[in-house]
Every structure is written in structure tokens, then in C-alpha cells.
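Reading through the C-alpha cells given below for one structure.
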Amino acid sequence: MRAKPYLRDFFAASVVYDPTSPSGLSWKRYEGRQIKGKGQDGYYRFQLGGSAWKAHRVVWCLAHGDITDGSLHVDHIDRNKENNGLPNLRLVPASENQLNKKKRLARHARKRHNRWESHFSMPVTRKYVYVGTFDTEEQAHLAAVARRLELYWVF
């Protein structure tokens, strides 16, 4: 999928960078419109010209100019998707953006109801094995690894 170009003049006519706003943007003329909330991926979005736009990319575009190269990403330095302040944003290639990604142990754990649920699938049969719930992601991950070793390795 090709990334759509982010053009400064297109956005500058309607929105302005506002560091006091949660999304980092405000409308030039309010007219009852609001910057939309977060999408499923956790980024602030808004509608303009019949398209949805990610707020952090628009903030970068307004401050530094057009983003026409689809291979460049606007990266949140502190990994916080809600922090769209200019000092927290940088333009990097996709490979460097991946290096700043949060590392997760969640191969064997997922968060449900404010607790970490531990589980895994058996390698050959693909049968789902539920281990239990834990307070931290690390505890859930270690419990799943221990249970998996217990099932597959005879001591």
C-alpha cells in the first residue's frame, strides 16, 4: 500500500499546530468540528477533504514541510502515540522506526481484565493450552514457558 502524500499547504488552510491540544492540532475556524479521537492503532486521526489523516504526520508536515516520500515514517521518540509534540517527533526510514518499537514478551501472554493471561499452542497439534492469570507480563510469560517445558521435556 502506498502512503498518501502529506502536503503543508493543504493542511495549513484548515488546522494549526497547538501544543496544548491532546492531539497536537486545532482547527483554524472551529465551526463545531473536532479533531477525532484515537483509532484502533492508538494514533489521533481527523477527517479533512474526505480522507482520514494521522495527526502526528500532519504536525510534522506543518512544522517541517511536505512528506511526499512514502518510505519515511514520523516516529514518536518516547514511543507514546499520544504525545504529538514537535520535540517528540522525528522523520526516519521504516527500518529505524522499527528499532524504536516496544519489545513485547506477549508471545505467550495477553492482557485481559487488568491481568495478564498466560497461554500457548502445542507445536504439533496446535492445541491451545491455558496456563493462568498473573499480575505482570513477565510472570505470565515465564509461567507459559515453564508449563511448556514441563509438558514437552521429561526430566
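With the convex hull of its Cα atoms as the shape, segment 109-152 has an orientation-averaged projected area of 2.8 nm². Note on GLN47 and ALA146: their simple-model spin labels are 5.2 nm apart, each label 7 Å out from Cα toward Cβ.
Spin-label pair ASN100-ASP18: with each label point 7 Å from Cα along the Cα-Cβ axis, the two points sit 2.5 nm from one another.
For the cross-link pairs LYS4/LYS81; LYS4/LYS28; LYS28/LYS101; LYS28/LYS81, which exceed 28 Å when the distance is taken from alpha carbon to alpha carbon? In this structure, LYS28/LYS101 exceed 28 Å between Cα atoms. Taking the number of Cβ atoms within 10 Å of each Cβ as an exposure proxy, the fewest-first ranking of SER71, SER23 is SER71, SER23. With all pairs of different C-alpha atoms in the average, the Kirkwood value for the hydrodynamic radius of the chain is 18.5 Å. Normalised by the number of residues in the chain, the average gap of Cα pairs under 8 Å and 6 or more apart makes the relative contact order 16 percent.
Ordering HIS141, HIS113, HIS56 by the number of other Cβ atoms within 10 Å of each residue's own Cβ, fewest first, gives HIS113, HIS141, HIS56.
The long axis of helix 137-152 is offset from the longest Cα principal axis of the chain by roughly 40 degrees.
Here segment 8-99 is described by how far its Cα atoms reach on the three principal axes: 41, 24, 23 Å, from widest to narrowest. Backbone amide hydrogens, once placed in the peptide plane, bring GLY132 within less than 5 Å of SER118, excluding anything fewer than 5 places away on its chain. Exposure proxy shown here: for ASP69, ASP41, the number of other Cβ atoms within 10 Å sets the order, fewest to most, as ASP41, ASP69.
The angle between the Cα long axis of helix 55-64 and the longest principal axis of the Cα atoms of the chain comes to about 50 degrees, rounded to the nearest 10. With each label point set 7 Å from Cα along the Cα-Cβ vector, what nm distance links ARG115 and LYS4? Distance between the two pseudo-spin positions: 4.4 nm.
Each reported figure results from applying straightforward, stated rules to the coordinates on display, with no laboratory input. This is a predicted model, so every value here is computed, not measured. Every residue, glycine among them, receives a Cβ derived from its backbone with ideal geometry; neighbour counts consider all protein chains shown.
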